[in-house]
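A quick write-up on the structure given underneath.
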Amino acid sequence: MLNQALINGKEVSEDIRGKLRLEVDKLAEQGVQPGLAVVLVGEDPASQVYVRNKEKACHDLGYYSEVHRLAADTSQEELLDLIDRLNRQENIHGILVQLPLPKHINEKAVIDAIAVEKDVDGFHPVNVGNLVIGDESLLPCTPAGVIELIKRTGIEIPGKHAVVIGRSNIVGKPVSLLLQRENATVTMCHSRTVNMKEITRQADILVVAIGKANFVDASFVKPGAVVIDVGMNRLDTGKLAGDVDFESVKEVSGPITPVPGGVGPMTITMLMSNTLTAAKRLSGLA
Ligand code: GUN
């Protein structure tokens, strides 16, 4: 594998953050500071890390941020009251409720309550619907990051065969829609797909988001294909593993993302980008 065939998500992320900083300065001249509210219910350790990272990203980029850490036994009504307040708060342009929520809270009711124009996760059904029909919307962060990484490889997406493994609402479905929007020919594979390798071996672009450690090995991959690994699997050893067996696949693939350091850093960066977009739209500057 050529050295430049490694897709460095950290580097791309830093580059985009540099551009966001310039936009933050421009907005400041107009008296606007992007503001993000993050809501965490309970003490899930992984969620606590994610929330701290989001807070840090806001601080680094000069955004205003509020983190609401609520007890695990917070009622749905209390959470909805908070969202209602944040929806009306003028210095908040983005609202993110960290998932998963405790079992007694209906996730859908919470997502539906977030103002569409402040839904920086892109999870609200109106934003999802706008994505499907190709209207302006806030795009879900990880899928938007995946597209950005593919574009940075320099390959032209139009006309390429893109295969997506995984059909989740958070990654697989929106990634496939975004690839279609970029004029790729898209095939979706999932846990019930028969002869998956026959399909993935035709892929010029392979996006893997199936949530199984090292699921894709070299036998799934056409020589030279772009491989994007969205997997984040914690092994028993405590190590983080992607859905792609990087060591074997990198020998046949073209540009490929590592885990960690590939898609991961892009998710928060796209969240920051969405928050800036929301701030501009809500302030009448976009
Ligand atoms: N938990 C894991 N990933 C995400 C995400 O992208 N957004 C939110 N809100 N919660 C998550």
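The values are calculated or read from the model by the stated rules, or taken from the named source; none is laboratory data. What you are looking at is a predicted structure, and each value in this text was computed from that prediction instead of being measured. Positions of Cβ are generated from backbone atoms using ideal geometry, with glycine treated the same way; all protein chains shown enter the neighbour counts.
Any idea which of D243, D204 is at pLDDT 95 or above, of a type in the set (D, E, K, R), within 16 Å of the ligand (Cβ to nearest atom) and within 23 Å of A184 (Cβ to Cβ)?
D243
For S176, indicate whether it is more than 16 Å from the ligand (Cβ to nearest atom), under 28 Å from T257 (Cα atoms) and small (G, A, S).
When the stated conditions are applied, S176 passes them.
Take segment 170-185 and flag every residue that is polar (S, T, N, Q) and either within 25 Å of L96 (Cα to Cα) or in contact (Cβ under 8 Å) with a residue 12 or more places away in the chain (or both).
Result: S176, N183, T185.
Looking only at segment 128-149, count how many residues are within 16 Å of the chain's Cα centre (by Cα), away from the ligand (no atom under 13 Å from the Cβ) and either in a loop (DSSP other than H, G, I, E, B) or surrounded by 21 or more Cβ atoms within 10 Å (Cβ to Cβ) (or both). Spell out how you get there, then give the answer.
Pass one, segment 128-149, residues within 16 Å of the chain's Cα centre (by Cα): 128, 131, 137-149.
Now narrow it down to the ones that are away from the ligand (no atom under 13 Å from the Cβ): 128, 131, 137, 147-149.
Adding the requirement that they be either in a loop (DSSP other than H, G, I, E, B) or surrounded by 21 or more Cβ atoms within 10 Å (Cβ to Cβ) (or both) leaves 131, 137, 147, 149.
Qualifying residue count, segment 128-149: 4.
When the residues of segment 57-69 are narrowed to those that are touching a strand residue (DSSP E or B) at 6+ places or on another chain (Cβ under 9 Å) and either over 30 Å from L20 (Cα atoms) or charged (D, E, K, R) (or both), which ends up surrounded by the fewest Cβ atoms within 10 Å (Cβ to Cβ)?
Among those residues, the one meeting the criterion is R69.
Can you find a residue that is under 24 Å from P100 (Cα atoms) and within 13 Å of the ligand (Cβ to nearest atom) anywhere in segment 155-169?
Checking segment 155-169: at least one residue is under 24 Å from P100 (Cα atoms) and within 13 Å of the ligand (Cβ to nearest atom).
State the number of residues belonging to segment 156-212 that are under 20 Å from the mean Cα position of the chain (by Cα), in a loop (DSSP other than H, G, I, E, B) and crowded, with 19+ Cβ neighbours inside 10 Å.
6
In segment 65-108, what residues are within 15 Å of the ligand (Cβ to nearest atom) and in a helix (DSSP H, G or I)?
Answer for segment 65-108, where residues must be within 15 Å of the ligand (Cβ to nearest atom) and in a helix (DSSP H, G or I): L79, L82, I83, L86, E107, K108.
Hey, among the residues in segment 111-122 that are in contact with a Leu (Cβ under 6 Å, 6 or more places away or on another chain) and free of Cβ contacts under 8 Å to residues at least 40 places away in the same chain, which one's farthest from the ligand (Cβ to nearest atom)?
A113
Looking at R152, is it surrounded by fewer than 18 Cβ atoms within 10 Å (Cβ to Cβ), within 18 Å of N127 (Cβ to Cβ), among the charged types (D, E, K, R) and within 21 Å of the chain's Cα centre (by Cα)? Spell out how you get there, then give the answer.
Numbers: surrounded by fewer than 18 Cβ atoms within 10 Å (Cβ to Cβ): yes; within 18 Å of N127 (Cβ to Cβ): no; among the charged types (D, E, K, R): yes; within 21 Å of the chain's Cα centre (by Cα): yes.
No.
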